Structure formats: C-alpha cells, structure tokens
Amino acid sequence: MTIFPRAVRRAVSLALASSFILASCGGGGDIDNELAFRVIHASPDSPPVNILVDGITFRSGVDYKGGTGFTFVTPRDYQFGIEAILPGEDALVIDETVPLAAGTEITVLAIGKDATNTVQSLIIQNPFADIPAGNTRLQLVHAAPDLPPVDIYLTAQGASLQDATPIGQVTYGAYPADRQLVPPGQYVLRVTPAGDPATVLFDSGLLPDLSNREDLLIVVVQNTAAGPSPVSLIVNDRFSTFEAVDKNTPAEVRVVNVSPDAPLLDVIGDPVSTSFPEIPFSSTGNLSGIAVDSANGRALVVDNGLAAVVAVDLQSGVRTVLSGSAVPDTLNPLLGPAGIAVDSANGRALVADKSQGALLAVDLQTGARTVLSNSFTPDTVNRLFGPVSLAVDSANGRALVVDNAQRAVLAVDLQTGARTFLSNSATPDAVNAFSGPAGIVLDTANGRALVADNRLDSLLAVNLQTGGRTILSNVVVPDAVNPFSSPVSLALDAANGRALVVDNRSAAMFAVNLQTGARTILSNATTPDAVNPFSGPSGVAIDDANSRALVVDNRQGAVVAVNLQTGARSILSASPSANGVAFLGTTDYVRVLPDSYAVRAEKTAAPNSASPLFTVSSNLFTGQRATVFTNGLLASLVGQVAIDGIRPVFAEGKLRFLHGAPAAGTVDLYVLETGTAIADVEPTFQNLILTSITSHLGFAPANYTITFTKADTKEVVAAQDVAATPGTAHTVILVDEVRVDASSDGKPASVLVLDDLAD
C-alpha cells in the first residue's frame, strides 16, 4: 500500500473492512479464529501520526519510532489508517483493500521518506505459532531508506565479527521469510553493510537478557538523534515499542549568548559523574566557506558569527575584514553567509546567504555588496530558500548553487541573476535524489559537478548539461573502505586526479579518486601524525601555488593548511582565543556524554568557578540536542537550557521563539505569512516576558514575517522574514543591540535566527 504525501496534510488508510470490535490484548480461545494487528511509525522524516481503525482514533500522536502492541480482534475486515499531524487543513485519506485470514498476526509499518516521495506501508503477515521452549524468536526488518542491504549479527560480548555468521541479511523494505530462533541469553547486536563485517554501523552494547519464548520484532531504522551512527532500532515485544540506540550515542549541546551587556563569557558544563572532565563550549565565530583569491594572495573566509567575509593573507595568515556589517558600508548586509566562490572574470566573490535566500556579489577590491539574485531579483521564479554553497561555472555563464532546503542545485545566471533548476528530485528525474546536499565543486574535465551529501554520506556527480545524478562514492561505491560520516565540503585537486572531501564528523580529509570513487584518508588525527588535528572542519579550498589545501575549522576558529602530498597540517591563521562567547555568539554543537550537568558562566577575562555568573542544571539524555542560552542583563544573568527538536519533518518547518531583549519589556508575537498585516489579527503569542521560550512548533511550508510588538499594542519592536521550509528547524530570538555602557538602553531591538539542525 502506498501512502501518498501531500504538501500540507497527508493521511493513509489501509481498508481491511467495515466496523471494529476490539477484544482484550492477548486474545483467547481458538487461535485459528483470531486476528491480531500492530502498527508502527518507521518513516524518518514524516510527522507524528494518529492511528485510526475504521475511521476512529485508536492511538494519537504516535511519533517516529513509536507504535502499538498487538491487539486481538474478531476476524473480519478492518479499516486501518495513518493520519499525519500537521499544521493546516484536515488530512486526506487514501483507501486500499488487503485480504486477511484468521489465525494471522498483521504488522503494518509506515516506511520510506516524504522527501523522496517514497512513503509506503510494509505489511508483514505471520501465522500464529508457538515458540519452542528454550528459544527466543526474532523477526528482522530493514526500514532505513538511506542504507544499503545490511547484515545483522547477534554475538557474545567482545566476539569478533570476522568469523561470525549473521543471523540475517536484510534489504530495505524487506524481511527474511522465516523468523529467527536463538537461545535465550545475553547478546550484543551489531549491524554492518552486507558482506562487510569490518564496518560496524550500529553496536547495541550488552542487551538485556533475551528470555525464554520472548517474541521480538527488530526494525533497523534511520537514526535521527544526535551522534554519528546512521542506525537505531525499533524493538517491539508484542506489547510495546521502544528504541535501542548505538552504545556510543552522545548528547549534543551548544551555547548562544543573547545578553547585550555581558563581556566575553566562558560557559562550562560540569558533569555530575566526577570521572568525566568539564566541557568548555568554544565560540570562535561560525566559519563555513572558504575560497582562494590567488590574484590577490589571500583566502576569503565566510564567518557567519561576524556576518562577514574575512581576507586571510596566504603567507602571513593576517586577517582583515573585506566585507562586513559596516565595511565598506551597511548596504545589502550579510545575514547568514554560508558559502563563497570567486568570480574572477567579474572581479567579485559570490556569497550564498541562507538566511536571506540570496546570492550576493562582493567586490574584491572594495568589499561593497550587491544582490545578484534573491526572491525578487530579477523575479520570483525558482526562488532560493536555503543556499549553502556554490561553484562558478564560467564556461556556461552561471553559478551553481546548492540549496539544502530544497535539496537541489540551481543555476543562477551570472549577469541577470535568473534562476533555473539544474538538478532536483524532479529534474531530470528522481534517480539518486539529494537528501542533504552541502558542498559543490566543478569537475569540468568530466562534464560534471560533484556534490557532497551529508545525509546520504555520499559524493554525487551531476551532469552539467542534463542535471542527471550518479553516485561517485559512498559506503557501497566502489566499496565500504573508509566510508564518509558527514561530508560537508570538497575541492578539486585536478593535478592528482582526485577530489578532497572534508568530513565534519570524522574530523578528516578524504581523497576520492575521480574515476573510481575509491576513498583514502589524506589527513586526520593519526595521518600522517597527531599534530594540529582537525576538530570541526567545515570548508576546503585548494591553494595550488603553495601545494596545499586550506581547511576552515569551526571549533578551532582556524584556517588549517594541509600538505597535498603528506597530509601534514599546520595552522595558517587562528583566532586568539578558543573560548569566550560574545554577544550574539553561537558555538558549534559539542558532543558530550549523557549525564546530569551543572552549566555555569564566567567572565572570560576574570574566570571564577567559585562564584559564577549563573549555574543551571540539566539532564542531557542519549541522543538529545540542547541549547544553553545566556539571557538578560549581566547583573541578573540567566542560563536557560532548551531541548532542540532536531528531527527534520519534510512536510513542515519548525520554529521556536525566545524573548531575549531586556529593553523591549513585555511583548506580543505575530507569526503571519509574509504580506499579511498585523492590524486586524490577534497575536500568535501574548504577553511574553524576558526569557519566555516556546517549544519547536510545526508550520506549514511558507515564508513568514515574525513581528514582535509592545504588549497589547501594534507598535512594532522588531520584525524579520523567516522561511519555514520542509525539513528545517530554527530558533527565532528577539535581541537588543549591544549596550556600550551602563547608560545605554539597548535599543533598537532586532531578530536573530538560528539554524537548529546545523552541526
């Protein structure tokens, strides 16, 4: 049965008959005259759902990886439904009849992805059958759409997989015909790519005892929580459903400073378990893109924290701001710069700004900014929503822009700014569709662009004429050796016949053969040595004149030079301080061990752990992602810990709102589609005081204007346009201007927008 996705609402109904009468769970009587069913949500980017039986809600608000236990019913036809919970109009129900037989157990799993239009039902029918004494019964299912076929091993703790035999090999959307019987006991469950026991995708650690005659459904699904493992498991024991995560799954935390009069702050997480060290949260800007401007002897680095393009001298490493909020002026400011490329023929750098959905041109001599292409320039056709990187295709008079929000590559005319889709899930077809496109580079000798996809952990080749996509390199192409973990940026080392790919989670640089796709490690913490290891690499460019690659490392706040032959690393340019969170500064997410933490703030210039500015306690659980906000004025600084909603839902954009402007007083908040006046409508939220914060809320895909007003009035305090695009999550914060001295009133307020899915 296919579940048909819709832009705003989607629901599914599996027609199995007319009315329903549910018996007690566990059944009774003659099993040949019984029927049992359970329903499980295994679609990673679909919203929470209501499960319906004969049109009546049977379970409500079932999120991804949730489901029901078996319910026994009188044999006859039933109508099962899966109804998506989304903002907007009521769900559409699609029916399909499936024949059933008495004496059968039915499992209905919703699998596939909204983003690739592949959501469907996987229906498992098993006869009622006793489990022989001295056995545990397992049913294995593969429901992770981005994963190749996998082997599943159940072994003793510490056992090598090289000589072990998997208990099952499963392909996506399939399951072995026979359920597995294993002796009760203690086991470790591991998942590997099929035929590759050396590459462990998931390690359960020691499981609770499998008991005599226990009956388990084990579903391999896509991990949407924190941590590098691509896999987690749904386990159903006939009565309930729970998730098993990789034993090494961390929590992740970042810090955002919205205190307008605070100096640089050190923010430290102190775990209650004294065996673990304290965790410092560094803020060295948010370095993302880099390009080499060889004609001027410099690298151009995008610093999102400064909202600027910084020029770094290729010899001395000295940094100057080429273009920023007041350099050379305030016209066409950068708001969320992400990627950069040099357009030498036109004497400019082109910057992808994901907050504005725009491509800006920066004059290489003056730093002056003009808008080449945005939602209204030259028109509203094929708008940009989440541009993150680009490459200049001079031969065809265009820039190729990766739009992560639309999972697409758009071609932007270098003269007019006109936009067309070169490649997306419908152009030229849906083969090898993008999931998380991040970095792009031209490989003109082979008539293609190469795109790093950090959700597919793949390198895709895009034909420059047709937009057709092929896989150059991933976990199965050409093999599983040195697999990517989160490839985010790449550069072409044509002289050596390879692409150099920066992988954020692996903290490594891979060399990928341009012909075969084979991957080798050029540089990481052990190759060629441990000197100047990467911490958070996010962008790369080739400096041919000096036979090196230049890598921007977010967590070090540095440009790292990598020898093209040996992989040896040296620091070309680094920020003077590894800590110190400035006003409006945002750190990267830092992986921490799940624990209870006491998070404190101290002045960077005068640290004092005995008398911190604040201390806030928080339990950080496995797989959670959280943000610590430093809010309010220094004299009464507050620490707020908020759990971030990190699972992307394709059919909605998530927005969370925080009041962080002390000068604004109590405010009302309007969230309206752009172009809708606030004059005749009620506020979306009323009487928000300083530190008020919402959870992540789902909004139908659209452009919204976020307007803060003084409470009970229509007097605007600040406003900002935000695109709620499918699969995104943002935090929208009302902030003051920096307070330069004690007499400053902090006005005017403005709006800060954070990407809550960024690494």
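The values are calculated or read from the model by the stated rules, or taken from the named source; none is laboratory data. Here the structure is a predicted model, which means the values were calculated and not measured. Cβ coordinates were reconstructed from backbone atoms using ideal geometry, including for glycine residues, and neighbour counts include every protein chain displayed. Each accessible area value is taken on the protein alone, full model and side chains, heavy atoms only, with ligands, DNA and RNA left out. Shrake-Rupley method; radii C 1.70, N 1.55, O 1.52, S 1.80 Å.
Of all positions in the range 147-165, at least one carries a residue that is open to solvent by less than 40 Å² (accessible area, probe 1.4 Å) and among the polar types (S, T, N, Q). The residues of the range 130-176 that are within 24 Å of Ala42 (Cβ to Cβ) and small (Gly, Ala, Ser), listed by number, are Ala143, Ala144, Gly168, Gly173, Ala174.
Filtering the range 654-683 to residues that are assigned to a loop (DSSP other than H, G, I, E, B) and open to solvent by 40 Å² or more (accessible area, probe 1.4 Å) leaves Thr666, Thr674, Gly675, Thr676, Ala677, Ala679, Asp680, Val681, Glu682.
Does the range 436-443 contain at least one residue that is on the phi < 0 side of the Ramachandran plot, of a type outside the set (Gly, Ala, Ser), modelled with pLDDT of 95 or more and not in a strand (DSSP E or B)? No.
Being open to solvent by 40 Å² or more (accessible area, probe 1.4 Å) and at pLDDT 95 or above, is that true of even one residue in the range 503-513? Yes, some residue in the range 503-513 is open to solvent by 40 Å² or more (accessible area, probe 1.4 Å) and at pLDDT 95 or above. Can you confirm whether the range 325-343 contains a residue that is under 24 Å from the mean Cα position of the chain (by Cα), part of a loop (DSSP other than H, G, I, E, B), surrounded by fewer than 22 Cβ atoms within 10 Å (Cβ to Cβ) and of a type in the set (D, E, K, R)? No, because not a single residue in the range 325-343 is under 24 Å from the mean Cα position of the chain (by Cα), part of a loop (DSSP other than H, G, I, E, B), surrounded by fewer than 22 Cβ atoms within 10 Å (Cβ to Cβ) and of a type in the set (D, E, K, R).
Applying the set (1) under 30 Å from Pro197 (Cα atoms); (2) modelled with pLDDT under 95 to Ala426 leaves exactly one unmet item: (1). Scan (1) farther than 27 Å from Ser570 by Cβ; (2) modelled with pLDDT under 95; (3) surrounded by fewer than 16 Cβ atoms within 10 Å (Cβ to Cβ) for the single condition Thr320 breaks and write down its number. Exception for Thr320: condition (1).
I'd like the residue in the range 214-226 that is part of a loop (DSSP other than H, G, I, E, B) and more than 15 Å from Ala144 (Cβ to Cβ) and, out of all such residues, is modelled with the highest pLDDT.
Kept after step one, since they are part of a loop (DSSP other than H, G, I, E, B), are these residues of the range 214-226: 214, 223-226.
Within this subset, residues satisfying the condition of being more than 15 Å from Ala144 (Cβ to Cβ) are 214, 226.
Numbers: Glu214: 95, Ala226: 83.
Looking at residues that are part of a loop (DSSP other than H, G, I, E, B) and more than 15 Å from Ala144 (Cβ to Cβ), I get Glu214.
So which of Ala174, Ala143 ends up being closer than 26 Å to Val475 by Cβ and touching a Gly at 6+ places or on another chain (Cβ under 8 Å)?
Just one listed residue meets the conditions, Ala143.
From the list Asp266, Asp270, Asp237, Asp178, which one is among the acidic types (Asp, Glu) and within 30 Å of Asp745 (Cα to Cα)? Reasoning before the result, please.
On the way: Asp270 fails: within 30 Å of Asp745 (Cα to Cα); Asp237 fails: within 30 Å of Asp745 (Cα to Cα); Asp178 fails: within 30 Å of Asp745 (Cα to Cα).
Every option except Asp266 fails the conditions.
Of the residues Thr707, Thr615, Thr630, Thr604, the single one that is open to solvent by 20 Å² or more (accessible area, probe 1.4 Å) and modelled with pLDDT of 90 or more is Thr615.
Annotation note: Cβ proximity below 6 Å between a residue of the range 298-312 that is acidic (Asp, Glu) and a residue that is at pLDDT below 95 and assigned to a loop (DSSP other than H, G, I, E, B) (sequence gap 6+ or interchain) occurs for Asp303/Gly285.
Would you check if Thr199 is surrounded by 15 or more Cβ atoms within 10 Å (Cβ to Cβ) and at pLDDT below 90? Lay out the reasoning, then the answer.
Values: surrounded by 15 or more Cβ atoms within 10 Å (Cβ to Cβ): yes; at pLDDT below 90: yes.
Yes; evaluated as a whole, the condition is true for this residue.
Taking the condition of being part of a loop (DSSP other than H, G, I, E, B), open to solvent by 20 Å² or more (accessible area, probe 1.4 Å) and either under 28 Å from Ala244 (Cβ atoms) or of a type in the set (Asp, Glu) (or both), how many residues in the range 67-83 meet it? Explain how you work it out, then say what you get.
The initial filter retains those residues of the range 67-83 that are part of a loop (DSSP other than H, G, I, E, B), namely 68-70, 74-78.
If we keep only those that are open to solvent by 20 Å² or more (accessible area, probe 1.4 Å) as well, we get 74-77.
Narrowing the set further to residues that are either under 28 Å from Ala244 (Cβ atoms) or of a type in the set (Asp, Glu) (or both) leaves 77.
Count: 1.
Of all residues in the range 451-496, those that are among the aliphatic types (A, V, I, L, M) and open to solvent by less than 30 Å² (accessible area, probe 1.4 Å) total 12. Test Ser570 against the stated conditions and say whether it is over 25 Å from the mean Cα position of the chain (by Cα) and modelled with pLDDT under 85. For Ser570, the condition - over 25 Å from the mean Cα position of the chain (by Cα) and modelled with pLDDT under 85 - is not met. Got at least one residue in the range 523-534 being open to solvent by less than 40 Å² (accessible area, probe 1.4 Å) and of a type in the set (Gly, Ala, Ser)? Within the range 523-534 (the criterion being open to solvent by less than 40 Å² (accessible area, probe 1.4 Å) and of a type in the set (Gly, Ala, Ser)), the answer is yes, since at least one residue qualifies.
For (1) more than 13 Å from Gly665 (Cβ to Cβ); (2) in contact with a strand residue (DSSP E or B) (Cβ under 6 Å, 6 or more places away or on another chain); (3) among the polar types (S, T, N, Q), each residue gets a yes or a no:
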residue	(1), (2), (3)
Asp680	yes, no, no
Thr684	yes, yes, yes
Leu690	no, yes, no
Ile693	yes, yes, no
His696	yes, yes, no
Asn703	yes, yes, yes
Ile706	yes, yes, no
Ala711	no, yes, no
Val717	no, yes, no
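In the set (1) at negative phi; (2) over 31 Å from the mean Cα position of the chain (by Cα); (3) outside any strand (DSSP E or B), Gln356 fails one condition alone, (2). Of the residues making up the range 227-248, those that are open to solvent by less than 50 Å² (accessible area, probe 1.4 Å), assigned to a loop (DSSP other than H, G, I, E, B) and over 15 Å from Val188 (Cβ atoms) are Gly227, Pro230, Asp237, Arg238.
Entry remark, the range 344-367: residues being surrounded by fewer than 19 Cβ atoms within 10 Å (Cβ to Cβ) and among the acidic types (Asp, Glu) number 1 in total. Any residue at all in the range 542-559 that is in contact with a helix residue (DSSP H, G or I) (Cβ under 7 Å, 6 or more places away or on another chain) and either closer than 29 Å to Ala452 by Cα or open to solvent by 40 Å² or more (accessible area, probe 1.4 Å) (or both)? The answer is yes, given that some residue of the range 542-559 is in contact with a helix residue (DSSP H, G or I) (Cβ under 7 Å, 6 or more places away or on another chain) and either closer than 29 Å to Ala452 by Cα or open to solvent by 40 Å² or more (accessible area, probe 1.4 Å) (or both). Can you work out which of the residues in the range 392-412 that are in contact (Cβ under 8 Å) with a residue 40 or more places away in the chain and assigned to a strand (DSSP E or B) is surrounded by the most Cβ atoms within 10 Å (Cβ to Cβ)? The selected residue is Val402. Do the conditions hold for Pro271, that is, is it surrounded by fewer than 21 Cβ atoms within 10 Å (Cβ to Cβ) and more than 24 Å from Phe70 (Cβ to Cβ)? Criteria met by Pro271. Among the residues of this structure, Thr566 counts as one that is of a type in the set (Val, Ile, Thr) and either open to solvent by 50 Å² or more (accessible area, probe 1.4 Å) or in contact with a helix residue (DSSP H, G or I) (Cβ under 7 Å, 6 or more places away or on another chain) (or both).
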